[in-house]
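The values are calculated or read from the model by the stated rules, or taken from the named source; none is laboratory data. A quick note: this is a predicted structure, and the numbers were derived from the prediction, not measured. Reconstructed Cβ throughout: ideal geometry from the backbone, glycine too, with neighbour counts over all protein chains shown. Ligands, DNA and RNA are stripped out before the accessible areas are found, and what is left, the full protein with its side chains, is counted by its heavy atoms. Shrake-Rupley method; radii C 1.70, N 1.55, O 1.52, S 1.80 Å.
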Amino acid sequence: MERYNFKVIEKKWQTFWEKNQTFKSSIKKDKKKFYCLEMFPYPSGKIHMGHVRNYTIGDVLARYKSMQGFNVLHPMGWDSFGMPAENAARQNNLDPKTWTEKNIKTMKNQLKQLGLSVDWNREISTCSDNYYKHQQSFFLELMDKGLVYRKENYVNWDPIDETVLANEQVIDGKGWRSGAVVERKKLNQWFFNITKFSSDLLDGLDKLDKWPNKVKVMQKNWIGKSFGCEINFNLKTNLPVKEIKCFTTRPDTLFGFSFLALSIDHPMSKFFKENEEFIKFKNECAKTGTTEESIANAEKIGFKTDIKAINPLDETKQVPVYFANFVLMDYGFGAVFGCPAHDQRDLDFALKYNLKVLPVVCPPGENDNFKIDTEAYTGPGKIFNSQFLDGLNCPDESILKTIEILEKKKIGKRQINFRLKDWGVSRQRYWGCPIPVAYNNRGEVIKIPKEDLPVKLPENINLDVKGNPLEHQKKWKEVTLHGEKCIRETDTLDTFVDSSWYFLRFCSTENKDEGFNLDDVKYWMPVDQYIGGVEHAILHLLYSRFFMRALGFEKKDFIELEPFEGLFTQGMVCHETYKDSENNWLFPDEVESKDGKEYFKKNNPSAKVKVGSSESMSKSKKNTIDPENIIDNYGADAVRFFILSDSPPEKDIQWSEQGMISSYKFIQKFWSLHKMIINLNLKDDTDRSQEIDTFTNQMIYKITKSLENFHYNVIIANLHEIYNYLSKNLKEIKNKKNLLTNYEKILKIISPILPHLANECLDELNIKERDQWPKVNERFLKKESFNVVIQINGKKRDLMNFNKDINEKDLLLEIKNNVKINKFLKDKEIKKSIYIKNKLINLIV
RNA sequence: GCGGUCAUGCUGAAAUUGGUAGACAGGCACGGUUGAGGGCCGUGUGGACCUAGUCCAUGAGAGUUCGAGUCUCUCUGACCGCACCA
């Protein structure tokens, strides 16, 4: 039997697609479009299994939609700016550009070997000046709209990478790349005013009904809307400041006010900067670890000032003002009013410093003697101990009523606060998009004129310097603008800016003058299905949503502001981990096992290997499988088949050599079956049985449905069923024409998953129209008889075959003749029967 | 601490969305083919018992229903996200 030579056949079809420009996309106004996009890769060197999974999922969808008659846009590009290139270049003494371009070449080749239906004519790379010149132009546009600003700010400083990190890039107090403990530093930074759209970004989530709920919840929490009010507290002090503003969600507990706490960075702190005790306190605060968790769990400590704050609702009451380590400067006003009875954090603080704890919310079932011990009460109740607020229902009535009173007295006003902070986009790095501004000798910001764009990165520069290498480019920095000598901005843009609009660029890659043209994006956008890892749930996806709003801001004629209509987040690819006796990680191919129980180092049966838990593939744990080797050994179709099998795409998948081999075997088995089918010596005009038509149409129905819901693992099971059915029933099939008609449809429905194999088989059948999705013929789905479940008191007792739509009376008569059922019925009276046509009858006795 | 998701054989998982639980695969066992191994083919594989059959089984417990893996509540456990957010 001839083996399936995947090396020859896969190459053949990949060449065919390329030659015929099969996946080239263009606007066709008469056709419905489908924009299928997978998160573009960072060109780190080689593709990994995560890419294989991501792009296979997307490719199956793109091929299916295209066969369904959609005009599909399925592009690919490279997120090619960023620190790894700079680090690698420094290590190997070469140019980041060279390194990056080499990686892109390798990875593009690898992706092509997967047989992806990508329109490579639209390939983009964010580090190319063809791309980033438009980004610079957008930056200036946003500046004109007042959505970009510069301010001095505390930043997360990564001492190893010597760069600023966004909050999101700080994980457990450490830099996401370097792992170094992050420090605080004050720097002049460029910001995007994302908070201008806080409310809109939040509201927009409701419309995204094709997004996973998980992602929407994460974004919602990240934006962090809370309703409350700001309150002015008058101070009793000799200092020149007589008033402090606080934000609170619980103004109704104002009578329980027993201290006011300020952030150590609060403007008030300038009056204490000479105070030795205060300096000591500040140092004490700095000692608690920097990880989020240790900060959150750190003991609450405070520095008592001699300032007093006056309760705005009862001016006879004064409380002390503290600086405290738990107050954040960048939320609210950097000041909180403390009500220990109804906030656990305030209570901890009050107990430590012996402050008054006065309950003002009385829980249901308690009376005026209600006291707080060591647990704050945050539940509902009635307001008491609060003069004119007494008796209000808490929280619904009390909060609104109190705000009303505060507003009337002009002490405060209702306010909505967001947790979201503006997006700091400055990076002190070389390998990024230059920010298109300069400074004159008075330090004023001068925009680079549009006609001078792009501001190109200098190439082949010395990277072996401390800090930002661009700082050392004296010649590059000098520029004359409006007749004045200026110095260029040396900060580059966060790479998340690059990926915030690339999906727009894909619509108009030919346009040299603008980032996109409106007609193109009006046709292609929004992305119908976006597919990628859940790790981008907040950053990239939120920034992209912001960028659309920023671009459309103050524009009359723009497109729908949500960039991604559908979102799918796929799971990770996992593998067991291995360690030798010295606890060094080992690659899977350094390990072998005879019995699957005990593992040894390869060719060294005395060196035992410890098998660890299965974890997401990562270089550091060496539990990686190189896709290139796998494709080389088993072929692209087998890899596609395996990566989709077993686990649903949204869940983690376990890599297994065993599973990979059996996928490979499936391809081989299918090929032998194919050869048998085409060589069958049968007549065309005899014995046409409808059984195979029914089977085929059921499969078309099932697979179409599963494709719509990303139930790709179920489709793989269906493919097994198809093979099993055909190989078992081939002998009984007598009519060749009928067989081939059905077989052709089967090949078409498997082609999104196994494109090379299916196309080759179809080609051998001499079928030239291979890109039409077969329609379900309802006629063959209609069954003449059904197996009806017979239940007695809700328990299944038998299955009986009845004609379609048999009425209940006739059915009951038939049941009476069933010995098995009669045994249960005996002489009992049937009290009630529930009959679901063609499905089930339940008899209650 | 707050928020979310999930829990089904030895394993990965199906289940037409309230109607036959365990599709399909992996693993394992036995048999066949083979000089042997691998490969290939076949059979079996949730548990218990009085084994032609019956009963019990979807983390635990309750509830709604003629009927619950699926809906509701309580609990337990696992995973993920956020984390002093006033």
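Among residues belonging to region A:796-824 that are buried (at least 16 other Cβ atoms within 10 Å of the Cβ) and among the aliphatic types (A, V, I, L, M), point out the one that is modelled with the lowest pLDDT.
Filtering first and then ranking leaves A:Ile821.
If the requirement is being under 16 Å from A:Leu754 (Cα atoms) and either surrounded by 14 or more Cβ atoms within 10 Å (Cβ to Cβ) or more than 8 Å from RNA strand B (Cβ to nearest atom) (or both), which of these qualifies: A:Asn718, A:Asn697? Outline the logic, then answer.
On the way: A:Asn697 fails: under 16 Å from A:Leu754 (Cα atoms).
Matching residue, one of A:Asn718, A:Asn697: A:Asn718.
Give the number of residues within region A:700-715 that are open to solvent by less than 50 Å² (accessible area, probe 1.4 Å) and part of a helix (DSSP H, G or I). So that I can check it myself, show each step before the final result.
First, pick out the residues of region A:700-715 that are open to solvent by less than 50 Å² (accessible area, probe 1.4 Å): A:700, A:703-704, A:706-707, A:710, A:712-713, A:715.
Imposing the further condition that a residue be part of a helix (DSSP H, G or I) reduces the set to A:700, A:703-704, A:706-707, A:712-713, A:715.
The number of residues fulfilling the criteria is 8.
Can you tell me which residue is nearest to RNA strand B (Cβ to nearest atom) among those in region A:558-583 that are within 23 Å of the chain's Cα centre (by Cα) and among the small types (Gly, Ala, Ser)?
Among residues in region A:558-583 that are within 23 Å of the chain's Cα centre (by Cα) and among the small types (Gly, Ala, Ser), the one nearest to RNA strand B (Cβ to nearest atom) is A:Gly571.
In region A:554-569, how many residues are at pLDDT below 95 and either open to solvent by less than 50 Å² (accessible area, probe 1.4 Å) or of a type outside the set (Lys, Arg) (or both)? Break it down into steps so the answer makes sense when it comes.
So in region A:554-569, the residues at pLDDT below 95 come out as A:554-561.
Filter again for either open to solvent by less than 50 Å² (accessible area, probe 1.4 Å) or of a type outside the set (Lys, Arg) (or both), leaving A:554, A:557-561.
The qualifying residues number 6.
What pairs come out if I take residues in region A:454-468 that are under 24 Å from A:Glu514 (Cα atoms) and part of a loop (DSSP other than H, G, I, E, B) and pair them with residues that are open to solvent by less than 20 Å² (accessible area, probe 1.4 Å) and polar (S, T, N, Q) whose C-beta lies under 7 Å away, six or more apart or interchain?
A:Pro454/A:Gln136; A:Val455/A:Gln136
Looking at region A:237-258, can you tell me whether even one residue there is free of Cβ contacts under 8 Å to residues at least 60 places away in the same chain, open to solvent by 40 Å² or more (accessible area, probe 1.4 Å), within 30 Å of A:Val527 (Cβ to Cβ) and touching a Leu at 6+ places or on another chain (Cβ under 9 Å)? Even if it seems obvious, please write down each step before you answer.
At the first step, the residues of region A:237-258 found to be free of Cβ contacts under 8 Å to residues at least 60 places away in the same chain are A:238, A:240-243.
Those still in the list that are open to solvent by 40 Å² or more (accessible area, probe 1.4 Å) too: A:238, A:240-243.
Remaining after also requiring within 30 Å of A:Val527 (Cβ to Cβ): none.
The answer is no, given that none of the residues of region A:237-258 is free of Cβ contacts under 8 Å to residues at least 60 places away in the same chain, open to solvent by 40 Å² or more (accessible area, probe 1.4 Å), within 30 Å of A:Val527 (Cβ to Cβ) and touching a Leu at 6+ places or on another chain (Cβ under 9 Å).
Evaluate the following for A:Ile790: is it more than 20 Å from A:Glu691 (Cα to Cα), within 16 Å of RNA strand B (Cβ to nearest atom), at pLDDT 85 or above and under 42 Å from the mean Cα position of the chain (by Cα)? Before the answer, list the steps.
Values: more than 20 Å from A:Glu691 (Cα to Cα): yes; within 16 Å of RNA strand B (Cβ to nearest atom): yes; at pLDDT 85 or above: yes; under 42 Å from the mean Cα position of the chain (by Cα): no.
Considered against the rule, which asks whether it is more than 20 Å from A:Glu691 (Cα to Cα), within 16 Å of RNA strand B (Cβ to nearest atom), at pLDDT 85 or above and under 42 Å from the mean Cα position of the chain (by Cα), A:Ile790 comes out as no.
Could you list, in sequence order, all residues of region A:721-757 that are farther than 16 Å from A:Asn679 by Cβ, hydroxyl-bearing (Ser, Thr, Tyr) and buried (at least 19 other Cβ atoms within 10 Å of the Cβ)?
The answer is A:Ser751, and nothing else.
Would you mind telling me which numbered condition in (1) in contact (Cβ under 8 Å) with a residue 12 or more places away in the chain; (2) open to solvent by 50 Å² or more (accessible area, probe 1.4 Å); (3) away from RNA strand B (no atom under 15 Å from the Cβ); (4) not hydrophobic (A, V, I, L, M, F, W, C) A:Glu760 fails?
Against the list (1) in contact (Cβ under 8 Å) with a residue 12 or more places away in the chain; (2) open to solvent by 50 Å² or more (accessible area, probe 1.4 Å); (3) away from RNA strand B (no atom under 15 Å from the Cβ); (4) not hydrophobic (A, V, I, L, M, F, W, C), A:Glu760 comes up short only on (2).
Restricting attention to region A:313-326, report how many residues are within 46 Å of the chain's Cα centre (by Cα) and over 12 Å from A:Phe259 (Cα atoms).
2
Conditions (1) farther than 22 Å from A:Lys450 by Cα; (2) not in a helix (DSSP H, G or I), marked per residue:
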| site | (1), (2) |
| --- | --- |
| A:Leu470 | no, no |
| A:Arg505 | no, no |
| A:Glu514 | no, yes |
| A:Gly532 | yes, yes |
| A:Tyr543 | yes, no |
| A:Leu551 | no, no |
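Please name all residue pairs, on different chains or six or more residues apart, with Cβ atoms under 7 Å, provided the first residue is in region A:474-499 and is within 19 Å of A:Glu459 (Cα to Cα) and the second residue is assigned to a helix (DSSP H, G or I) and open to solvent by 50 Å² or more (accessible area, probe 1.4 Å).
A:Thr490/A:Glu471
May I ask you to list pairs of residues, at least six apart or on different chains, whose Cβ atoms are under 9 Å apart, with the first in region A:206-226 being β-branched (Val, Ile, Thr) and the second being open to solvent by 70 Å² or more (accessible area, probe 1.4 Å) and not in a helix (DSSP H, G or I)?
Pairs found: A:Ile223/A:Arg419.
For A:Lys97, state whether it is surrounded by 13 or more Cβ atoms within 10 Å (Cβ to Cβ) and part of a helix (DSSP H, G or I).
Values: surrounded by 13 or more Cβ atoms within 10 Å (Cβ to Cβ): yes; part of a helix (DSSP H, G or I): yes.
Judged against the criteria, A:Lys97 is a match.
What do you reckon, is A:Tyr377 in contact with a His (Cβ under 7 Å, 6 or more places away or on another chain) and at pLDDT below 95? Break it down stepwise before answering.
Values: in contact with a His (Cβ under 7 Å, 6 or more places away or on another chain): yes; at pLDDT below 95: yes.
The answer is yes for A:Tyr377.
Could you tell me which of the residues A:Lys151, A:Lys102 is farther than 23 Å from A:Cys507 by Cβ, open to solvent by 60 Å² or more (accessible area, probe 1.4 Å) and part of a helix (DSSP H, G or I)? If you could, list the steps in order and put the result at the bottom.
Details: A:Lys151 fails: part of a helix (DSSP H, G or I).
That would be A:Lys102, the only listed residue that is farther than 23 Å from A:Cys507 by Cβ, open to solvent by 60 Å² or more (accessible area, probe 1.4 Å) and part of a helix (DSSP H, G or I).
Among A:Ser647, A:Ser689, A:Ser672, which is the only one that is surrounded by fewer than 19 Cβ atoms within 10 Å (Cβ to Cβ), in contact with a strand residue (DSSP E or B) (Cβ under 6 Å, 6 or more places away or on another chain), on the phi < 0 side of the Ramachandran plot and not β-branched (Val, Ile, Thr)?
Of the residues listed, the single one that is surrounded by fewer than 19 Cβ atoms within 10 Å (Cβ to Cβ), in contact with a strand residue (DSSP E or B) (Cβ under 6 Å, 6 or more places away or on another chain), on the phi < 0 side of the Ramachandran plot and not β-branched (Val, Ile, Thr) is A:Ser647.
Residue by residue, here is whether (1) closer than 22 Å to A:Lys280 by Cβ; (2) touching a His at 6+ places or on another chain (Cβ under 8 Å); (3) near RNA strand B (Cβ under 10 Å from one of its atoms); (4) free of Cβ contacts under 8 Å to residues at least 12 places away in the same chain holds:
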| position | (1), (2), (3), (4) |
| --- | --- |
| A:Tyr322 | yes, no, no, no |
| A:Ala335 | yes, yes, yes, no |
| A:Gln344 | no, no, yes, no |
| A:Asp348 | yes, no, yes, no |
| A:Leu358 | no, no, no, no |
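Just need a number here: residues in region A:1-27 that are open to solvent by less than 50 Å² (accessible area, probe 1.4 Å), part of a helix (DSSP H, G or I) and not aliphatic (A, V, I, L, M).
5
When you scan region A:584-662 for strands (runs of 3 or more DSSP E) that lie fully inside it, which ones turn up with 3 or more residues that are of a type outside the set (Lys, Arg), away from RNA strand B (no atom under 16 Å from the Cβ) and without any contact (Cβ under 8 Å) to a residue 60 or more places away in the chain?
Values: elements: A:591-593, A:599-601, A:604-616.
Filter on region A:584-662 gives A:604-616.
Which pairs turn up if I take residues in region A:537-553 that are free of Cβ contacts under 8 Å to residues at least 60 places away in the same chain and closer than 14 Å to A:Val425 by Cβ and look for partners that are of a type in the set (S, T, N, Q) and surrounded by fewer than 20 Cβ atoms within 10 Å (Cβ to Cβ) with beta carbon separation below 9 Å, at least 6 apart in sequence or on another chain?
Every condition considered, no pair remains.
If you check A:Asn92, A:Asn109, A:Asn54, which single one turns out to be surrounded by fewer than 17 Cβ atoms within 10 Å (Cβ to Cβ), modelled with pLDDT of 95 or more and within 30 Å of A:Trp431 (Cβ to Cβ)? First the steps, then the outcome.
Values: A:Asn92 fails: modelled with pLDDT of 95 or more; A:Asn54 fails: surrounded by fewer than 17 Cβ atoms within 10 Å (Cβ to Cβ).
From the options A:Asn92, A:Asn109, A:Asn54, the qualifying one is A:Asn109.
From the residues in region A:66-89 that are out of contact with any strand residue (DSSP E or B) (no Cβ under 9 Å at 6 or more places or on another chain) and part of a loop (DSSP other than H, G, I, E, B), which one is least open to solvent (accessible area, probe 1.4 Å)?
That would be A:Gly82.
Within region A:441-456, track down each residue that is modelled with pLDDT of 95 or more and either on the phi > 0 side of the Ramachandran plot or open to solvent by less than 20 Å² (accessible area, probe 1.4 Å) (or both).
Those that are modelled with pLDDT of 95 or more and either on the phi > 0 side of the Ramachandran plot or open to solvent by less than 20 Å² (accessible area, probe 1.4 Å) (or both): A:Ile448, A:Val455.
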